[in-house]
Amino acid sequence: MSLIKENIKDLLPSSTLLINEMCKEMSKAGKTIYQFGFGQSPFPVPEKIVEALKVNAHQKDYLPSKGLFELRKSIAGFLTRKGYKNLNHENIIIGPGSKELMFLLQVAFDGEVILPVPSWVSYAPQAIIAKNKYHWIQTEKETNWHISPEHIDQIASKIESKNKLIILNSPNNPSGTNIHLLKELGEVFTKHNITVLSDEIYSELYFKDNYKSISHFHENTIVSSSLSKWAGAGGWRVGYFAVPNNLIEIFEKLAVLGTETFSAVSAPTQFAAITAYEEDHSEYLNKSKKILHVIAHYVYEQLKQLDIDMIEPEGGFYLMPDFTRMLQNKFKNSKDFCKTLLDEAGVAVLPGSDFGFPVEKLIFRLSYVDFNGAEFLKVKDSDITEENLVKYAPKIVDGVQQIINFAKKYA
Ligand SMILES: Cc1ncc(COP(=O)(O)O)c(C=O)c1O
């Protein structure tokens, strides 16, 4: 008899981590691998924040489970400066990455969960672990790979539970696109009394400057983010939720679950994170965004010569091409497609099925971060151009060509 609970016995390791391990093995064996599978920032943590960590290395005490007061205050200030309303430190809870807070939210939440397709890889497994019933909403390229108000009207009428939680992610992992119909969606969420978890982990990497959050259009919205993407500090494990006053019941229960699980986030990184949210990092961020934008545009323009469906990314580090029309019947499913691409062309990407798409859709997520971010950041602004990618991001250029050759061979 299995020692494992029924609801989690079929769960596999998170596919992003798995693909990274596979790539490491293949690289060790001497194969050239284009690592477009793993969603990690290519840039180093800003120097000022690293210095703050050094200065705080001696911090050794357990901190309050909700997080260091000064950090909570600085995050509330940071969000307020960005136009978020009615937030102070009492609305901010710190976790070991935003992922853990999302998990605890699913543990605490009594109701059903709505997940747009595509969705980040961990939302559905977390619902499974927490035994929450969840519903996929298939979206289309025509709605920018995000939900429309009509989708919500339809699904809301099917859900029995009076409590409903939807998880949104904009800029999106895997599609790289933003939600555009914020006002209309806000209205429909309010009409159906839906609680929103707005995963805004890529908002600082939105290529334009006027990022708008769904929280401005719907009060019952929890905003989630962390240091992992914009500050390149995924390994530091500092994330937060901003929970509005009318969801304080959720906030308090997350805090209780924190005391019974992770206790408190590492003290030195919390002290260092104050610098991340109090000081100005616009030079670092503008350059990071410019590099990512130039690469995104390049990859999009190159792949566009194929007969595929794709939307140009608006932020973050992902792009999601759909080869279903071009390569119909050439592969069993998206996993087989991606495995063949890795075996034959050395290009690692993640299959669309990991993000909720039906397996027969030949979609993958391409993460365009296989370049030396530290070196690229040293380049003069005016030299951050598509022509210079051969020099500063050669694996992007070669890897994209490999994809094009591979697709043409099978078409
Ligand atoms: C969309 C999205 N949400 C959440 C996370 C979790 O990030 P962290 O736990 O490092 O804050 C990630 C990380 O890959 C992500 O891509």
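The values are calculated or read from the model by the stated rules, or taken from the named source; none is laboratory data. Since we're looking at a predicted model, the values are computed, not measured. Here the Cβ positions follow ideal geometry from the backbone for every residue, glycine too, while neighbour counts run over all protein chains shown.
Residues in segment 243-279 that are in a loop (DSSP other than H, G, I, E, B) and under 25 Å from Ile214 (Cα atoms): Val243, Pro244. Restricting attention to segment 158-172, does a residue exist that is within 22 Å of the chain's Cα centre (by Cα), in the same structural domain as Lys99 (by TED's automatic domain parsing), away from the ligand (no atom under 14 Å from the Cβ) and part of a loop (DSSP other than H, G, I, E, B)? No, segment 158-172 has no match at all. Do we find that Glu204 is within 15 Å of the ligand (Cβ to nearest atom), touching a Phe, Trp or Tyr at 6+ places or on another chain (Cβ under 9 Å) and assigned to a helix (DSSP H, G or I) in this structure? Against the criterion (within 15 Å of the ligand (Cβ to nearest atom), touching a Phe, Trp or Tyr at 6+ places or on another chain (Cβ under 9 Å) and assigned to a helix (DSSP H, G or I)), Glu204 qualifies. Whenever a residue of segment 251-269 is outside the structural domain of Asp61 (by TED's automatic domain parsing), it has no partner that is modelled with pLDDT of 95 or more and of a type outside the set (S, T, N, Q) lying with C-beta atoms less than 8 angstrom away and at least six residues away or across chains.
When the residues of segment 229-242 are filtered to those that are part of a loop (DSSP other than H, G, I, E, B) and over 18 Å from Tyr211 (Cα atoms), the one that is farthest from the ligand (Cβ to nearest atom) is Gly232.
Across segment 216-228, the number of residues qualifying as within 16 Å of the ligand (Cβ to nearest atom) and either part of a loop (DSSP other than H, G, I, E, B) or in contact (Cβ under 8 Å) with a residue 40 or more places away in the chain (or both) comes to 7.
Can you find, within segment 185-201, the residue that is nearest to Asn169 (Cα to Cα) among those that are in contact with a Phe, Trp or Tyr (Cβ under 9 Å, 6 or more places away or on another chain) and in a loop (DSSP other than H, G, I, E, B)? In this case the residue turns out to be Glu200. Taking the numbered list (1) buried (at least 22 other Cβ atoms within 10 Å of the Cβ); (2) in contact with a Ser or Thr (Cβ under 6 Å, 6 or more places away or on another chain) in turn, Val265 passes all entries but (2).
The residue of segment 136-169 that is farthest from His180 (Cα to Cα), among those that are of a type in the set (Val, Ile, Thr) and surrounded by fewer than 18 Cβ atoms within 10 Å (Cβ to Cβ), is Ile159.
You will find that of Val400, Val369, Val359, the residue that is in contact (Cβ under 8 Å) with a residue 24 or more places away in the chain, hydrophobic (A, V, I, L, M, F, W, C), under 23 Å from Leu292 (Cα atoms) and in a loop (DSSP other than H, G, I, E, B) is Val369 and no other.
Has segment 173-193 got any residue that is hydroxyl-bearing (Ser, Thr, Tyr) and more than 22 Å from Ser288 (Cβ to Cβ)?
Within segment 173-193, one or more residues are hydroxyl-bearing (Ser, Thr, Tyr) and more than 22 Å from Ser288 (Cβ to Cβ).
Total residues in segment 206-217 satisfying the condition of being farther than 14 Å from Gly83 by Cα and in contact with a helix residue (DSSP H, G or I) (Cβ under 6 Å, 6 or more places away or on another chain): the figure is 1. In segment 398-408, is there at least one residue being in contact with a Leu (Cβ under 9 Å, 6 or more places away or on another chain), of a type in the set (D, E, K, R) and surrounded by fewer than 14 Cβ atoms within 10 Å (Cβ to Cβ)? Looking through segment 398-408, at least one residue is in contact with a Leu (Cβ under 9 Å, 6 or more places away or on another chain), of a type in the set (D, E, K, R) and surrounded by fewer than 14 Cβ atoms within 10 Å (Cβ to Cβ). Tell me yes or no: at least one residue of segment 185-193 is more than 11 Å from the ligand (Cβ to nearest atom) and either touching a Leu at 6+ places or on another chain (Cβ under 7 Å) or of a type in the set (D, E, K, R) (or both). Yes, segment 185-193 contains a residue that is more than 11 Å from the ligand (Cβ to nearest atom) and either touching a Leu at 6+ places or on another chain (Cβ under 7 Å) or of a type in the set (D, E, K, R) (or both).
Suppose we filter Ala273, Ala296 for residues that are crowded, with 16+ Cβ neighbours inside 10 Å and out of contact with any helix residue (DSSP H, G or I) (no Cβ under 9 Å at 6 or more places or on another chain); which single one remains?
Matching residue, one of Ala273, Ala296: Ala296.
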